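S.K.: Can you keep this structure in mind? I'll have questions shortly.
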Amino acid sequence: MNTGMSSGQGGIFISFEGIDGAGKSTHIEGLAQALRAQGRRVTLTREPGGTPLAEKLRTMVLNDPMDAMTEALLVFAARRDHLQQLIEPALARGEVVLCDRFTDATFAYQGGGRGFDLVVLAQLERWVQTVTPAGAPLLREPDLTLWFDLDPTIAAQRLVSARVPDKFEAQPVEFFRRVAAGYAQRQTAAPQRFARIEANQSRDAVWQDVLATVQSRGWLS
Ligand code: TMP
């Protein structure tokens, strides 16, 4: 099986990751605008979610109490639908897919945060993300993952006044330390794909880092 980085036919798949409160959202929108301004077609999406079915699963995952395995199975079920219905068709059309979270979040939240078995997650990842865009099986992964890395104590302060917290946002800071460690582990395992963005800077400085990272890949001038 090809486990390479190609998204086929010119499509580019970029995911955005980080603990809750790390401040990735405004930059996803900004990057979409910057890419569109240079003539790229962009699909903006998120996980869990992105399709009607996956959005229903998102509501359950974010609100209903359940164990870590149930959470993992639901986010992967949502991911399968999302890949089949939205991500793969967009990449096949040559679009840039900007995805607010992808599988690294499962490794970080269900694996790191909840302590769920990483070997089982890796197996689910293989089953769910094996696609055949040109007839040959390929493990679909982002071409680039922008990881907004922020100290969990600072993230918690940012979240306090933000909104009514969902099931994850309501977790204690220790949970987010484990999630952050989960992300760090994913970066170590895939250093080419992962770009760490220092999120404890002004919004503009973070944006400059995002731009520089995408420019360094040759996807923006
Ligand atoms: P959001 O508020 O950034 O859209 O995040 C949704 C929440 O879902 C966030 O707290 C992280 C969590 N999540 C998981 O626990 N596992 C996953 O696989 C994904 C994609 C998100």
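S.K.: Calculated FRET efficiency, Thr59 and Gln84, Cβ-Cβ r, R0 25 Å, to nearest 0.05? Walk me through the intermediate numbers first.
M.R.: Working: r = 20 Å, r/R0 = 0.80.
Efficiency for this residue pair is about 0.80.
S.K.: Moving on to the next point. Can you bin the chain into rounded, prolate or oblate? Criterion: square roots of the alpha carbon gyration tensor eigenvalues sorted a ≥ b ≥ c, rounded for a/c under 1.5, prolate for a/b above b/c, oblate for the rest. It would help to have the intermediate numbers written out before the result.
M.R.: On the way: a/c = 1.57, a/b = 1.12, b/c = 1.40.
Oblate is the answer for the chain, as a/c is 1.5 or above yet b/c matches or exceeds a/b.
S.K.: For the range 138-144, take each phi angle, set θ = phi - 60°, evaluate the Karplus expression 6.51 cos²θ - 1.76 cosθ + 1.60, and give the result in whole Hz per residue in order, putting x for glycine and proline.
M.R.: Calculated HN-Hα couplings, in order: 8, 7, 6, 9, x, 6, 8 Hz.
S.K.: In 10 Å bins starting at zero, report the fraction of Cα pairs in the range 29-121 per bin as a rounded %.
M.R.: Percent of Cα pairs in each bin: 17, 42, 29, 11, 1.
S.K.: Another one. Going highest first, how would you order 204-213, 107-116, 69-78, 14-23 by mean Cβ packing within 10 Å? Spell out each step's value before the answer.
M.R.: Details: 204-213: 15.9, 107-116: 22.7, 69-78: 19.9, 14-23: 24.7.
In decreasing order of mean packing, 204-213, 107-116, 69-78, 14-23 become 14-23, 107-116, 69-78, 204-213.
S.K.: Still on this structure, I have one more. Run the quick spin-label model on Arg163 and Leu73: label points 7 Å from Cα toward the beta carbon, then report their separation in nm to one decimal.
M.R.: 2.9 nm
S.K.: Another question, then. Per-residue HN-Hα couplings for the range 205-210, Karplus 6.51 cos²θ - 1.76 cosθ + 1.60 at θ = phi - 60°, whole Hz, x for Gly and Pro?
M.R.: Result, ordered by residue: 5, 4, 4, 4, 5, 4 Hz.
Read-outs: derived from the displayed coordinates by stated rules, not from any lab. Quick caveat, the model's predicted, so the values are computed rather than measured. Note that we place each Cβ from the backbone using ideal geometry, even for glycine, and neighbour counts take in every protein chain shown.
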